[in-house]
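> Sharing a structure below in structure tokens format, with a few things to ask.
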Amino acid sequence: MIKKKIEKALIKQINEELYSSYLYWSMSSYFESKNLPGFANWMKVQSEEEYLHARKFYNYLISAGGRVLLDGIKTPKTDWESVESVFKETLDHEIFITNCINDLVTLALEEKDHATNSFLQWFVDEQVEEVSTAEQILHEVKMVAGNSQGLFMLDREFKSRAGIIPDIAE
């Protein structure tokens, strides 16, 4: 049976992952309103990934004998100044999530919960990729700042990012 302290922390992380999904969905909507379908697609796929992360935590917690009691998801921001500001916020958010995962690892080690620590290692590795990707995109967006042709090229590139969950809401 999982310790209550770990259970509570994992439930909090489920909420953070669901908020991440919600935030990226909001960013997708912002890009749709700016007629940037490639950037919108990139964020939709990112939203799907974050939802799957929440499911991964949920499934682990259930299999470890815990109970998931969901909390409300805070309302995400809906408007940004620019494409660059969206990806700056994306990077900041991924750094925040990385810190949350690191705090969970620290707690699992303190509580001598080796199973949870083992489970969390996938997320540790995933967050390295998430931060790196957000940094790279932010760098690319800054490189084309003020260049509508460059922004158009990035938008076209991001249209090709494939989704994880079959799109049933077309």
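The values are calculated or read from the model by the stated rules, or taken from the named source; none is laboratory data. Just so it is clear, the model here is predicted, and its values are computed rather than measured. Please note: Cβ atoms are built from the backbone with ideal geometry, for glycine as well, and neighbour counts cover all protein chains shown.
> Restricting to region 1-36, give me the number of residues that are free of Cβ contacts under 8 Å to residues at least 40 places away in the same chain and in contact with a Leu (Cβ under 6 Å, 6 or more places away or on another chain).
0
> Next question, about the same structure. Just one of the numbered conditions (1) in contact (Cβ under 8 Å) with a residue 40 or more places away in the chain; (2) surrounded by 14 or more Cβ atoms within 10 Å (Cβ to Cβ) is not true of R67; which one?
Every condition holds for R67 apart from (2).
> Kindly list the number of the only condition in (1) over 19 Å from S21 (Cβ atoms); (2) modelled with pLDDT of 95 or more; (3) surrounded by 11 or more Cβ atoms within 10 Å (Cβ to Cβ); (4) of a type outside the set (A, V, I, L, M, F, W, C) that fails for K56.
Failed condition: (1).
> Let me ask something else about it. If you go through region 88-98 one residue at a time, do you hit one that is surrounded by 14 or more Cβ atoms within 10 Å (Cβ to Cβ), aromatic (F, W, Y) and in a helix (DSSP H, G or I)?
no
> Give region 14-63 a look and list any residue that's among the aliphatic types (A, V, I, L, M) and assigned to a helix (DSSP H, G or I), or say none.
Matches in region 14-63: I14, L18, L23, M27, A40, M43, V45, L52, A54, L61, I62.
Here's the yes/no breakdown for (1) part of a helix (DSSP H, G or I); (2) touching a residue at least 40 places away in the same chain (Cβ under 8 Å); (3) in contact with a strand residue (DSSP E or B) (Cβ under 9 Å, 6 or more places away or on another chain); (4) charged (D, E, K, R):
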{"site": "E81", "(1), (2), (3), (4)": "no, no, no, yes"}
{"site": "T116", "(1), (2), (3), (4)": "yes, yes, no, no"}
{"site": "F119", "(1), (2), (3), (4)": "yes, yes, no, no"}
{"site": "T133", "(1), (2), (3), (4)": "yes, no, no, no"}
{"site": "G150", "(1), (2), (3), (4)": "yes, no, no, no"}
